[in-house]
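A short worksheet on the structure shown next.
The values are calculated or read from the model by the stated rules, or taken from the named source; none is laboratory data. Just so you know, these numbers come straight off a predicted model, no measurement behind them. Using ideal geometry, Cβ is built from the backbone for each residue, glycine included, and neighbour counts are taken over all protein chains shown. Protein only, heavy atoms only, side chains kept; ligands, DNA and RNA dropped before computing areas. Shrake-Rupley method; radii C 1.70, N 1.55, O 1.52, S 1.80 Å.
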Amino acid sequence: MLSIPASRPNAYTGSPLDRASGRRDDAAFIARALADPDSLFVPVWRARNLMKGVAEGRPEALLISGGAAERLRMAGGPWAFLGFWGGRAVFAVDCSTADDPLPLLPESVGTFADLRQVAGLLPPGEASVLAHARGLMHWRVKHRFCGVCGNPCEPRSAGHVMQCTGCDAQHFPRTDPAVIMLVVRGDRCLLGHSHRFPNTRMYSTLAGFVEPGESLEEAVRREVLEETGVRVGAVQYHSSQPWPFPSSIMLGFHAEALSEEIAIDPDELRDARWFSRAELRESEALGFSLPRVDSIARRLIEDWLALA
Ligand SMILES: [Zn+2]
């Protein structure tokens, strides 16, 4: 099967941060950086990120500088060192315990918004930093207790490890792999419409979570077979996309179908069809739509379309 290179970076990639993981265990450095008025804080409130310009359709990430972030830090939520941006230390800080987080911020600095709704409009590096903060804070908020013995955990390594106070088990941030694949056969590709899609006319690539003991190629073949009844042979990696909604990474593939007959799983899909390249290029005229331009699903489709 022909390998199809990624034509451009996916959304949520291209972080400007130097993660500087070697500094996480330097407690003296972390204490200095936390107190440094030049340090920057990325606030997260109930899985939302702080931005300005959202209502105007020109969203920008808002980072709060050290002094102004004091009330945020005093709120007592988790925090973690994310790295350096232009020489300044950057931390994520979660303020989800506050019912109204705006009084914790400097005056009139913006709103907390869902990153997924505006990612395509944000500068790519900013979207990546906000996704990073959101994903790490989600893990921290959801892993306050040990999964081995149930005792409370305490943060270590500047927020990147949770250590159990009962049994000393160490817990690390989780990223759950999901495969997303464009299944192709000759000049046609297989797209599905899921019950979960908010847009009732949208057809997109198939996707699903990787299960324990399964290779990525096996997960691609199993998901396609389960959802559509189509058998898949060769599987070729394309690109990946961080997907911290709440804790995944999307691994994108092109996959070659060995069969054409479709038998959908009605619990997963409302419909699945084969589409020719010509049909995809005329999607709006034909009454269906493709996934958002900033999605890896759209990249998989467009990079395949560009071959012919
Ligand atoms: Zn424990």
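Report the residue count in the range 218-230 for those that are assigned to a helix (DSSP H, G or I) and more than 21 Å from the chain's Cα centre (by Cα).
The initial filter retains those residues of the range 218-230 that are assigned to a helix (DSSP H, G or I), namely 218-228.
Filter once more, so that each one left must be more than 21 Å from the chain's Cα centre (by Cα): 218, 221-222, 224-228.
Residues in the range 218-230 being assigned to a helix (DSSP H, G or I) and more than 21 Å from the chain's Cα centre (by Cα): 8 in total.
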Quiz item: Taking the stated definitions as given, is Gly125 open to solvent by less than 40 Å² (accessible area, probe 1.4 Å), assigned to a loop (DSSP other than H, G, I, E, B) and either over 30 Å from Ala297 (Cβ atoms) or of a type outside the set (Asp, Glu) (or both)?
Solution: no
Quiz item: Could you say which residue among Leu136, Leu130, Leu121 is over 17 Å from Val42 (Cα atoms) and within 16 Å of the chain's Cα centre (by Cα)?
Solution: Leu121
Practice problem: Give the residues of the range 46-81 that are open to solvent by less than 50 Å² (accessible area, probe 1.4 Å) and either part of a strand (DSSP E or B) or not assigned by TED's automatic domain parsing to the domain that holds Arg134 (or both), sorted by residue number. | Solution: Asn49, Leu50, Met51, Ala61, Ile64, Ser65, Ala80, Phe81
Self-check item: Every residue from the range 207-232 that is open to solvent by less than 50 Å² (accessible area, probe 1.4 Å) and either among the charged types (D, E, K, R) or touching a residue at least 60 places away in the same chain (Cβ under 8 Å) (or both)
Solution: Ala207, Glu214, Arg222, Glu223, Glu227
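In the range 143-166, which residue that is of a type in the set (Val, Ile, Thr) and open to solvent by 70 Å² or more (accessible area, probe 1.4 Å) is nearest to the ligand (Cβ to nearest atom)? Spell out the reasoning first.
Within the range 143-166, the subset of a type in the set (Val, Ile, Thr) is 148, 161, 165.
Now restrict to residues that are open to solvent by 70 Å² or more (accessible area, probe 1.4 Å): 148, 165.
On the way: Val148: 4, Thr165: 8 Å.
The qualifying residue nearest to the ligand (Cβ to nearest atom) is Val148.
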Quiz item: Considering only the range 246-302, how many residues are among the small types (Gly, Ala, Ser), within 13 Å of Leu190 (Cα to Cα) and open to solvent by less than 50 Å² (accessible area, probe 1.4 Å)?
Solution: 6
Quiz item: Which residue pairs have Cβ atoms closer than 8 Å, lie 6 or more positions apart in sequence or on different chains, and pair a first residue in the range 169-191 that is among the acidic types (Asp, Glu) with a second residue that is modelled with pLDDT under 95?
Solution: Asp187/Ala308
